[in-house]
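The structure appears right after this line, and notes come after that.
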Amino acid sequence: MEPTDTLGSNEVDRLSPTGSVPALSQEEEEDVGSGSNQFITERYGTRLIRCERHHLPDTFNTSNLLFYDRFKAYQDYMLGDCKPSEVRTFTADYLEKVVEPCDWLALWITDVFDVLVEVHDVDLKGFKAEVQLVLPVQCDSKGSELNPEALEVLLEATQHKVPLQDLVVVYEESGDLDQTALALEHLRFFYQHIWRRWDEEDEDDEFDYFVRCVEPRLRLHYDILEGRLPVGLVTEYQSLLEQGSQCFITFSELRNSLSTESDSELDNVSMVEGLKLYDQLETLKGKLHIMENPLLRYVLVDKGSSRPQSVHSRGSRSSGQTVVHVVSSSCTISQLQSLLSTRMMTTFSSEDSEIQFHREPTSAVDSCYEGDLVLVLPGTYDVSSSISIADSITMEGFGFPDDVVIEKKNKGDSFVECSGAEVRLSNIKFIQNDSIEGIICVRHGDVKMENCVLQSQTTGVIVRTSASLTMKQCDLYGSKGAGVEIYPGSVCSLIGNGIHHCKDGVLIKDFADELNLKLSITMENNVIHNNEGYGVYLVKPCSHAPNSALATQNQQEGLSDLLPVQATPTSGSSGADTQLCSSSLGRRQPIRGRGVSSSQAVEDLSDHNIFGSIKGNEFRRNGLGDFGTFFY
């Protein structure tokens with residue numbers, strides 16, 4: 001599982017929807033005894049509660065299922081380690097175990113109407129049910145004109161068979177239909193959000209479908225649902241998915257229209273067009289695969305420039321003049337005198353230099369042109385929108401960082417986003433409560449940050465592809481993700497910083513070779529301590545694994561198939577350039593057993609060519625060890 005998982009199996013193993021009863025483990029079922037029907041019904045999932053409806057009978061509430069409810073159902077019961085070509089067979093076997101074969105009520109849900117029907121028979125292999133209207137007819141026509149006769153004609157046209165995915169089970173207090181309702185929800189969700197039209201035709205049919213496709217897509221769906229991804233990335237993914245579906249439909253129609261025995265010019269032209277569509281589909285599938293991979297998804301957006309910049313560079317003023325922007329909610333005469341004498345007169349000698357005053361930092365940055373200076377006087381400034389720095393400016397606090405505080409409390413994609421060619425930040429304390437992309441996101445250009453305090457509740461500083469960061473004498477803490485997250489194709493220098501009380505100290509995504517990108521990191525005299533996971537965590541392709549057997553096994557297991565469960569601590573609290581911790585990787589067993597991968601060998605961190613310089617760092621009390629490597 002990748003380092004920034006928000007819901008790991010250890011954390012959510014017993015979670016269930018509000019008002020529901022969690023399923024028992026196998027050991028718990030055995031303790032209860034096989035003769036108890038009350039508990040046998042819970043074997044395949046979660047007991048559900050009532051969902052009240054107007055004008056129609058109540059149904060089971062399946063809208064609040066958590067990530068792990070679905071994860072467990074697909075992994076342990078519905079799909080296991082099936083291949084893509086086996087998905088329908090495995091799913092039919094699962095439905096046969098839990099779906100009542102007949103004599104239950106359901107709502108037939110369509111875009112045009114919802115109507116109450118009775119199920120008389122279930123075709124599990126065809127994923128259809130034979131139904132009859134319940135008389136008197138109970139129907140919600142959703143604004144259209146429908147009568148019982150029209151509904152009956154429609155049913156006769158379908159031979160009274162409707163897709164199981166379109167049925168929502170009517171609630172019963174007995175609990176006898178709980179698992180039927182849950183199974184239909186898992187089926188419906190799977191084909192709406194997980195399954196892709198091209199999955200069954202994948203030329204490489206030997207991979208584990210759950211590991212390679214289901215789990216990353218499920219995680220991505222919940223990341224989107226719970227607002228953990230930037231809006232631009234979500235829009236890009238949905239656009240790619242729509243393009244891929246349309247391309248596959250066009251390709252399939254063209255392929256089916258070709259005659260294998262014909263050698264006509266028209267068929268030859270169609271063949272060429274089909275090859276172009278095939279290449280286009282493969283390209284789209286590759287991009288979707290990257291975006292579904294939590295370690296790679298941001299790189300595609302950054303490389304393709306598909307995410308529009310929220311603020312464009314304004315360049316230099318036509319007059320060539322630079323402006324000093326002073327930020328203060330109030331300013332005393334003594335503060336102004338000190339500001340003029342100790343900071344401004346030494347930098348701006350011209351008597352014609354302009355000063356503009358602002359009450360909050362966002363308006364000051366938005367008013368900047370190339371070369372401007374933003375001076376933030378002591379105080380606490382609450383900002384409600386992102387601070388986007390698109391020009392080469394200097395932003396510094398006039399005083400100590402603890403006295404100059406900029407805090408963002410509301411939710412949003414980013415807090416401070418830098419894309420200017422050369423941006424300088426100093427002497428400011430940034431407090432981030434609920435931003436998705438980190439407290440400081442260096443998207444493009446070069447950022448030099450010195451003597452800042454960074455208090456983050458999500459991810460700390462992010463250095464994107466093609467960006468550069470020099471971070472000196474800063475204190476970073478509190479991140480629920482990585483303190484510093486470094487992407488391939490970037491340059492990052494960390495000198496004399498404290499990085500502590502984060503999930504991981506420094507997360508380095510070293511998959512540059514796969515993307516033809518270089519990565520350069522300098523780490524000198526940092527103190528990285530008291531992090532929940534590793535002090536420094538490297539993410540690398542399996543092909544770089546020192547143990548070839550481990551690399552092969554990890555490749556088969558897939559990206560999020562791995563959970564770091566143990567680390568070998570380094571000897572001593574310093575010397576980042578001398579040792580690398582090993583980690584044991586393992587996972588729970590699905591329907592078909594898988595082996596547990598072995599520990600990687602201890603290796604020297606200086607062997608990694610991504611480090612230009614690494615010396616004088618100290619590591620103390622990091623939960624899983626000072627260093628770890630994850631192979632995906």
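Out of the range 72-129, which residues are in contact with a Ser or Thr (Cβ under 8 Å, 6 or more places away or on another chain) and over 25 Å from LEU151 (Cα atoms)?
Within the range 72-129, MET78, LEU79, CYS82, VAL98, VAL99 meet the criteria.
Across the range 220-252, what is the number of residues that are closer than 14 Å to GLU292 by Cβ and either open to solvent by 20 Å² or more (accessible area, probe 1.4 Å) or assigned to a helix (DSSP H, G or I) (or both)?
13
Being closer than 30 Å to GLU200 by Cβ, part of a loop (DSSP other than H, G, I, E, B) and modelled with pLDDT of 90 or more: is that true of GLU100 here? Write out each step before concluding.
Numbers: closer than 30 Å to GLU200 by Cβ: yes; part of a loop (DSSP other than H, G, I, E, B): yes; modelled with pLDDT of 90 or more: yes.
Against the criterion (closer than 30 Å to GLU200 by Cβ, part of a loop (DSSP other than H, G, I, E, B) and modelled with pLDDT of 90 or more), GLU100 qualifies.
Which condition number in (1) buried (at least 24 other Cβ atoms within 10 Å of the Cβ); (2) over 22 Å from the mean Cα position of the chain (by Cα); (3) over 17 Å from ILE431 (Cα atoms); (4) not β-branched (Val, Ile, Thr) is the one that LEU507 fails?
Condition not satisfied by LEU507: (2).
Conditions first: (1) in contact with an Asp or Glu (Cβ under 6 Å, 6 or more places away or on another chain); (2) at pLDDT 90 or above. ASP208 passes all but one, so which condition is the exception?
Here ASP208 meets the rest and fails (2).
Out of SER419, SER367, SER385, I need the residue that is modelled with pLDDT of 90 or more, surrounded by fewer than 20 Cβ atoms within 10 Å (Cβ to Cβ) and of a type in the set (S, T, N, Q). Which one?
Every option except SER367 fails the conditions.
On the basis of being within 27 Å of ILE249 (Cβ to Cβ), small (Gly, Ala, Ser), at pLDDT below 90 and open to solvent by 40 Å² or more (accessible area, probe 1.4 Å), does GLY304 make the cut?
Here the answer is yes, as GLY304 does meet what is asked.
Somewhere in the range 150-164, is a residue in contact with a helix residue (DSSP H, G or I) (Cβ under 7 Å, 6 or more places away or on another chain), open to solvent by less than 60 Å² (accessible area, probe 1.4 Å) and in contact (Cβ under 8 Å) with a residue 40 or more places away in the chain?
First, pick out the residues of the range 150-164 that are in contact with a helix residue (DSSP H, G or I) (Cβ under 7 Å, 6 or more places away or on another chain): 164.
Then keep just the ones that are open to solvent by less than 60 Å² (accessible area, probe 1.4 Å); that gives 164.
Next, from what is left, pick out any that are in contact (Cβ under 8 Å) with a residue 40 or more places away in the chain: 164.
Checking the range 150-164: at least one residue is in contact with a helix residue (DSSP H, G or I) (Cβ under 7 Å, 6 or more places away or on another chain), open to solvent by less than 60 Å² (accessible area, probe 1.4 Å) and in contact (Cβ under 8 Å) with a residue 40 or more places away in the chain.
Select from the range 341-350 the residues that are within 30 Å of SER419 (Cα to Cα) and exposed (fewer than 12 other Cβ atoms within 10 Å of the Cβ) and write down the one among them that is modelled with the highest pLDDT.
THR342
Which residue pairs have Cβ atoms closer than 6 Å, lie 6 or more positions apart in sequence or on different chains, and pair a first residue in the range 487-512 that is acidic (Asp, Glu) with a second residue that is buried (at least 24 other Cβ atoms within 10 Å of the Cβ) and assigned to a helix (DSSP H, G or I)?
Cβ pairs passing all conditions: none.
Out of everything in the range 388-415 that is out of contact with any Gly (no Cβ under 9 Å at 6 or more places or on another chain) and buried (at least 23 other Cβ atoms within 10 Å of the Cβ), what residue ends up being nearest to ILE439 (Cα to Cα)?
LYS408
Taking the range 313-334 as the search range and keeping residues that are more than 20 Å from TYR369 (Cβ to Cβ) and within 46 Å of the chain's Cα centre (by Cα), which one is modelled with the highest pLDDT?
Ranking the qualifying residues of the range 313-334, first place goes to SER328.
Within the range 124-182, considering only strands (runs of 3 or more DSSP E) that don't extend past its boundaries, which have at least 1 residues that are touching a His at 6+ places or on another chain (Cβ under 9 Å)?
Where strands (runs of 3 or more DSSP E) fall fully within the range 124-182 and carry at least 1 residues being touching a His at 6+ places or on another chain (Cβ under 9 Å), they are 128-133.
Since SER456 meets every condition but one in (1) more than 28 Å from VAL326 (Cα to Cα); (2) buried (at least 24 other Cβ atoms within 10 Å of the Cβ); (3) in contact with a Gly (Cβ under 9 Å, 6 or more places away or on another chain), which condition does it not meet?
Unmet for SER456, out of (1) more than 28 Å from VAL326 (Cα to Cα); (2) buried (at least 24 other Cβ atoms within 10 Å of the Cβ); (3) in contact with a Gly (Cβ under 9 Å, 6 or more places away or on another chain): (1).
So ASN451 passes all but one of these: (1) open to solvent by less than 10 Å² (accessible area, probe 1.4 Å); (2) touching a helix residue (DSSP H, G or I) at 6+ places or on another chain (Cβ under 8 Å); (3) over 22 Å from THR322 (Cβ atoms). Which condition number does it fail?
ASN451 satisfies all of (1) open to solvent by less than 10 Å² (accessible area, probe 1.4 Å); (2) touching a helix residue (DSSP H, G or I) at 6+ places or on another chain (Cβ under 8 Å); (3) over 22 Å from THR322 (Cβ atoms) except (1).
So which residues in the range 415-447 are within 17 Å of TYR487 (Cα to Cα) and either among the basic types (Lys, Arg) or not in a strand (DSSP E or B) (or both), if there are any at all?
Scanning the range 415-447 gives SER419, ILE436, GLU437, GLY438, ILE439, ARG443, HIS444.
In the range 57-101, how many residues are polar (S, T, N, Q), buried (at least 17 other Cβ atoms within 10 Å of the Cβ) and farther than 30 Å from VAL137 by Cα?
Residues in the range 57-101 being polar (S, T, N, Q), buried (at least 17 other Cβ atoms within 10 Å of the Cβ) and farther than 30 Å from VAL137 by Cα: 2 in total.
Of all residues in the range 102-115, which are open to solvent by 10 Å² or more (accessible area, probe 1.4 Å) and among the aliphatic types (A, V, I, L, M)?
If the condition is that a residue be open to solvent by 10 Å² or more (accessible area, probe 1.4 Å) and among the aliphatic types (A, V, I, L, M), then LEU105, ILE109, VAL112 are the ones that fit.
Anything in the range 49-68 that is modelled with pLDDT under 90 and not in a loop (DSSP other than H, G, I, E, B)? List them, or say none.
Listed by number, the residues that qualify are ARG50, CYS51, PHE67, TYR68.
Look at the range 205-219 and say how many of its residues are in contact with a helix residue (DSSP H, G or I) (Cβ under 9 Å, 6 or more places away or on another chain) and either outside any helix (DSSP H, G or I) or under 16 Å from GLU437 (Cβ atoms) (or both).
3
Would you be able to say whether some residue in the range 64-78 is closer than 16 Å to LEU184 by Cα, without any contact (Cβ under 8 Å) to a residue 24 or more places away in the chain and not aliphatic (A, V, I, L, M)?
No, the range 64-78 has no match at all.
Quickly run through the range 174-192 and pick out the residues that are within 30 Å of GLN280 (Cα to Cα) and either open to solvent by 70 Å² or more (accessible area, probe 1.4 Å) or among the hydrophobic types (A, V, I, L, M, F, W, C) (or both).
Across the range 174-192, the qualifying residues are LEU187, PHE189, PHE190, GLN192.
Condition first: among the aromatic types (Phe, Trp, Tyr) and either in contact with an Asp or Glu (Cβ under 9 Å, 6 or more places away or on another chain) or under 19 Å from LEU48 (Cβ atoms) (or both). Now tell me which residues in the range 70-118 satisfy that.
PHE71, TYR74, TYR77, TYR94, TRP104, TRP108, PHE113
List every residue pair whose Cβ atoms sit under 9 Å apart, with the two residues 6 or more apart in sequence or on different chains, where the first one lies in the range 118-143 and is free of Cβ contacts under 8 Å to residues at least 24 places away in the same chain and the second, anywhere, is surrounded by fewer than 19 Cβ atoms within 10 Å (Cβ to Cβ) and among the β-branched types (Val, Ile, Thr).
So the pair list comes out as GLU118/VAL134; GLY143/VAL112.
The values are calculated or read from the model by the stated rules, or taken from the named source; none is laboratory data. As the structure is a computational prediction, the values presented were derived from the model and not from experiment. FYI the Cβ positions are ideal-geometry reconstructions off the backbone, even for glycines, and counts take in every protein chain you see. Accessible surface is based on the protein model in full, side chains and every heavy atom, while ligands, DNA and RNA are left aside. Shrake-Rupley method; radii C 1.70, N 1.55, O 1.52, S 1.80 Å.
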